[in-house]
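J.: For reference, the structure I am asking about is given below.
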Amino acid sequence: MLVISDRDARPRRQPIPSLLACGALHHHLVRNKTRTQVGLVVEAGDVREVHHIGTLLGYGANAINPYLAFATIDEMIAADEFGLGDLDPTKAHANYIKAAGLGILKIMSKMGISTVASYTGAQIFEAIGLSSEVVDEYFTGTVSRLGGVGLDVLAEAVKERQAKAFPENPAERAHRTLEVGGQYQWRREGEYHLFNPDTVFKLQHATREGRYDIFKEYTGLVDDQSERLGDPARLVQVQVRRPPSIPIDRGRAGREHR
């Protein structure tokens, strides 16, 4: 059994993203024809969602320990957040594991896969935003049509997260908890969302009042989302190349020759 763990992360010891580490080790073993002799266990703090678990399974993990997710659940119970103060921690962990398992079953059913053994290492995903060098080395065989960033950009992203976890002056954020992120629900200081208060207001106002001018303002906000990287399709520039024209004289000479 080989265990990939990031528990020892420190200010000057930045963790490798768990999926990158898992894919790298999995394909290294495959190339050396020793993969079937080894079981991979991933113990990582960046695993919390069904998609995280699903991708780790898809790239070779045989078991996963999302220890930070369990620790977060314990803290929520201790702080009585969302009315969870009376919930038994063991029961809460079991609920999380059951929900994650049902999520994986849903993914498998959509893909027509009946067993976890068939899902493990199947790589049923498509990479978006990763360079061909990264995909070929660490996610070998994965479809990647758009290309993207390399290890240098991934390393910078890890450094940014590490800087937020271990700030140079912790007293500056003593009055605040961790940032909410806003990936699933719009937050003022979170990730950019296509449907945000501005676009939703413009759309509703335009439809209720029948105002085409306001609707154009709404479409302008949506069309300008490429500047905020709100849609992968907006990151692609299509180049239209006209085929070289054939001179009329050349075509006429060809007909006369025939």
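The values are calculated or read from the model by the stated rules, or taken from the named source; none is laboratory data. Every value quoted in this text rests on a predicted model; they were computed, and no experiment measured them. Note that we place each Cβ from the backbone using ideal geometry, even for glycine, and neighbour counts take in every protein chain shown. Quick note on the areas: whole protein, heavy atoms, side chains included, nothing else; ligands and nucleic acids left out. Shrake-Rupley method; radii C 1.70, N 1.55, O 1.52, S 1.80 Å.
J.: Would you work out if the range 80-158 is rounded, prolate or oblate? Take a ≥ b ≥ c from the square roots of the eigenvalues of the alpha-carbon gyration tensor; rounded if a/c is under 1.5, else prolate when a/b is larger than b/c, oblate otherwise.
T.: Oblate is the answer for the range 80-158, as a/c is 1.5 or above yet b/c matches or exceeds a/b.
J.: Using the Cα centre of the chain as the reference point, and only Cβ charges (+1 on K/R, -1 on D/E), how large is the resulting charge dipole? Debye, rounded to the nearest 20. Don't skip to the answer; put the middle values down first.
T.: Details: 32 positive and 33 negative charges, 253 e Å.
Value, rounded to 20: 1220 debye.
J.: Place the peptides 213-224, 64-75 in order of packing, highest mean first, counting for every residue the other Cβ atoms within 10 Å and averaging per peptide.
T.: Ranking, from highest mean packing down: 64-75, 213-224.
J.: Now for a different question. Which chymotrypsin sites (Phe, Trp or Tyr not before Pro) in the range 109-199 pass both tests, a DSSP loop state and at most 16 other beta-carbon atoms within 10 Å?
T.: Phe125, Tyr184, Trp186, Tyr192, Phe195
J.: For the chain, report the % of Cα-Cα distances exceeding 25 Å.
T.: Numbers: 20835 of 33153 pairs.
Across the chain, Cα pairs with separations above 25 Å total 63 percent.
J.: Now a separate question. For the range 99-167, with only Lys/Arg (+1) and Asp/Glu (-1) charged at the beta-carbon, what is the dipole magnitude about the Cα centre, in debye rounded to 20?
T.: Dipole of the range 99-167, to the nearest 20 debye: 420 debye.
J.: Write down the accessible area per residue of the range 1-111 in Å², having rolled a 1.4 Å probe over the full set of protein chains.
T.: Result: 59 Å² per residue.
J.: Pairs of Cα atoms under 8 Å, at least six residues apart: use those to get the relative contact order of the range 112-220, whole percent.
T.: Worked out over the range 112-220, it gives 12 percent.
J.: Just how much of Ser114 is accessible, in Å², when a 1.4 Å probe is used and the result is rounded to the nearest 10?
T.: Answer for Ser114: close to 100 Å² accessible.
J.: In straight Cα distance, which lysines are under 23 Å from Lys110, not counting same-chain residues fewer than 8 positions off?
T.: Partners found: Lys98.
J.: Here is a further query. Once you put a point 7 Å from the Cα of Ala78 and another 7 Å from the Cα of Val180, both along the Cβ direction, what distance in nm separates them?
T.: So the label points at Ala78 and Val180 sit 2.4 nm apart.
J.: Further, regarding this structure: Picking from Gly54, Ser18, Val30, whose Cα lies most toward the positive end of the charge dipole for the range 1-106 (charges on Cβ: Lys, Arg +1; Asp, Glu -1)?
T.: Of Gly54, Ser18, Val30, it is Val30.
J.: Excluding residues on the same chain fewer than 8 positions from Lys202, give the lysines whose Cα lies under 27 Å from its Cα.
T.: Lys216
J.: Let me ask something additional. For the chain, what is the relative contact order in percent, using Cα pairs closer than 8 Å and at least 6 residues apart in sequence?
T.: Once normalised by length, the contact order is 13 percent.
J.: Could you tell me how many degrees, from 0 to 90 and to the nearest 10, lie between the Cα long axis of helix 151-165 and the main elongation axis, the longest principal axis, of the Cα atoms of the chain?
T.: Helix 151-165 sits at roughly 40 degrees to that axis.
J.: Once Rh for the range 1-111 is found with the Kirkwood sum over Cα pairs, what is the Stokes-Einstein diffusion coefficient at 20 °C and 1.002 mPa s, in µm²/s?
T.: After rounding, the answer is 139 µm²/s.
J.: For the chain, take the longest principal axis of its alpha carbons; what is the angle in degrees between that and the long axis of helix 212-223, to the nearest 10 within 0 to 90?
T.: Helix 212-223 sits roughly 70 degrees off the main axis of the chain.
J.: With the full set of protein chains in place, find how many percent of the accessible area of the range 1-151 is carbon and sulfur; take the probe as 1.4 Å.
T.: Working: 5060 of 8810 Å².
The computed percentage sits at 57.
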